[in-house]
Amino acid sequence: MKDVKVETMLLSQKEIQSVVTMRDVVECVDKTFKGMGEGTVVNPTKVNLDLGEVAPYPPYSGFMNAMPAYIGWNDSAGIKWAGGFLGERKAQGLPYITSMILLIDPRLGNFRAVMDGAFITNMRTGAQTAVALKYMYSRGKEIRLGLYGAGMQGHTQTMAIAELFDISEVTVYDVNRAASERYAEDMKSFVKGRINIASNPAEAADGDIAVCVTQSKDEFFLYEWFKPGMILFPMGSYQECSDECIEKADKIVVDHAGQALHRGALAKHGSSGRLKEEDLYATIGELAAGKKKGLVSADERTICVPIGTGAMDVSVATLAWERARDKGIGGSYSFVEY
């Protein structure tokens, strides 16, 4: 066999940002959800490494997830190794999320690219909500948003929803009012109407949808705020909404049943057996593939939990790799020679 160098592309966060827009991410996420519904996307349940997020040892106040996937519509495979850390990372002023994505050629197993995953994670998390709303929201193009959490995830949620809807009003609540004020300034160009800063969490529950992207371990969103016709997205690492919201919801929609029942908003109910896969109305993939009807009626309370899948990361990362390759962006490295 001749000596063969296998070149692996290296992409930084800035390089990815230069070739991928939120519109691109929304389109990728939509296609990938449809693939999940049709069975052309393979997405095993993520593997969690607890580094002190919940476990008493080790004491690092963080976690990492391994998230592999194969994407049929762009014939790509890869894995994201990503997590979130408070503790010392927060004390040093570093972002909560840390992430890398590795792509392979699924025919040969050669590594196509190694790249930052934090930007893609933030963008696709916002896009998941927007795409879910595309199949669930039944009141036209205008939408009123109640937002809990004014950090990076709050920003990308708003940016993604604005790609598919006209946001007529946002009411944002964050325990740090300065974060809400920064959000209001940053999001002016994405919100067609007013941005209101809530002084308490109840005030932010006056929208058509409520999106929770916080690090809170408290079940702060109360059932009395969960109005008929509302779609509630509790997307943090913990529950965020009361047991009553979950138990009295008319429909529960998830992105991945195996994951959603064991982490995040539904974990307590899933692990205790109070909520089983057969109790879920649908996956977002089933809605995108037309296998289930998604539109929410005015008298229904719906919870949607896109807990996050490697499939979304791999699909967006593949687009970034293709664009960078075509434009000659990024570095390369030969990790191995055959």
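The table that follows gives values for the structure above.
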{"quantity": "Among the residues listed as G62, G78, the single one being touching a helix residue (DSSP H, G or I) at 6+ places or on another chain (Cβ under 8 Å), farther than 15 Å from M312 by Cβ and either buried (at least 17 other Cβ atoms within 10 Å of the Cβ) or aliphatic (A, V, I, L, M) (or both)", "calculated": "G62"}
{"quantity": "Residues of the range 79-117 that turn out to be aliphatic (A, V, I, L, M) and closer than 22 Å to P58 by Cβ, as a count", "calculated": "6"}
{"quantity": "Among the candidates A289, A320, residue that is under 30 Å from E7 (Cα atoms) and either out of contact with any strand residue (DSSP E or B) (no Cβ under 8 Å at 6 or more places or on another chain) or at pLDDT 95 or above (or both)", "calculated": "A320"}
{"quantity": "Subset of the range 259-303 (residues that are assigned to a loop (DSSP other than H, G, I, E, B) and among the basic types (K, R))", "calculated": "R263, R274, K276, K291, K292, K293, R301"}
{"quantity": "Within the range 218-230, tally of residues that are more than 17 Å from V305 (Cβ to Cβ) and assigned to a loop (DSSP other than H, G, I, E, B)", "calculated": "5"}
{"quantity": "Options F111, F119; residue that is touching a Leu at 6+ places or on another chain (Cβ under 8 Å), of a type outside the set (S, T, N, Q) and closer than 30 Å to M9 by Cβ", "calculated": "F111"}
{"quantity": "Residue that is farthest from Y135 (Cα to Cα) [pool: residues in the range 168-186 that are aliphatic (A, V, I, L, M) and surrounded by 20 or more Cβ atoms within 10 Å (Cβ to Cβ)]", "calculated": "V172"}
{"quantity": "Among residues of the range 9-45, those that are of a type in the set (V, I, T), buried (at least 18 other Cβ atoms within 10 Å of the Cβ) and closer than 16 Å to G117 by Cα, counted", "calculated": "5"}
{"quantity": "Any hit, the range 27-35, residues being out of contact with any Lys or Arg (no Cβ under 8 Å at 6 or more places or on another chain) and closer than 18 Å to M159 by Cα", "calculated": "yes"}
{"quantity": "F233 being closer than 22 Å to I307 by Cβ, assigned by TED's automatic domain parsing to the domain that holds Y148 and crowded, with 16+ Cβ neighbours inside 10 Å", "calculated": "yes"}
{"quantity": "Number of the exception - S189 against (1) farther than 23 Å from K134 by Cα; (2) modelled with pLDDT of 95 or more; (3) part of a loop (DSSP other than H, G, I, E, B)", "calculated": "(1)"}
{"quantity": "The range 283-311, residues that are touching an Asp or Glu at 6+ places or on another chain (Cβ under 8 Å) and crowded, with 21+ Cβ neighbours inside 10 Å", "calculated": "T283, I284, G285, A288, T302, V305, P306, I307, G308, T309"}
{"quantity": "Any chance L295 is at pLDDT below 95, over 22 Å from R23 (Cα atoms), of a type outside the set (S, T, N, Q) and more than 20 Å from the chain's Cα centre (by Cα)", "calculated": "yes"}
{"quantity": "Matching entry among L11, L51, L102 (being at pLDDT 95 or above and over 25 Å from E322 (Cβ atoms))", "calculated": "L51"}
{"quantity": "Residue check for D206: surrounded by fewer than 18 Cβ atoms within 10 Å (Cβ to Cβ), at pLDDT below 95 and in the same structural domain as C304 (by TED's automatic domain parsing)", "calculated": "yes"}
{"quantity": "Residue within the range 73-81 that is among the aromatic types (F, W, Y) and farther than 21 Å from H256 by Cα present", "calculated": "no"}
{"quantity": "Pairs, first closer than 21 Å to K141 by Cα in the range 199-225, second among the charged types (D, E, K, R), C-beta under 8 Å, six or more apart", "calculated": "A205/K227; D206/R144; G207/R144; G207/E169; D208/R139; D208/R144; I209/R144"}
{"quantity": "Number of positions in the range 88-119 that are more than 20 Å from T45 (Cα to Cα) and more than 23 Å from the chain's Cα centre (by Cα)", "calculated": "10"}
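Table: residues versus (1) assigned to a loop (DSSP other than H, G, I, E, B); (2) farther than 21 Å from M9 by Cα; (3) assigned by TED's automatic domain parsing to the domain that holds C28.
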residue	(1), (2), (3)
Y57	yes, yes, yes
L103	no, no, yes
L145	no, yes, no
A162	no, yes, no
I167	no, yes, no
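The values are calculated or read from the model by the stated rules, or taken from the named source; none is laboratory data. Keep in mind that this is a model prediction, so the values were computed, not measured. No Cβ is skipped: glycine too gets one built from the backbone with ideal geometry, and neighbour counts run over all protein chains shown.
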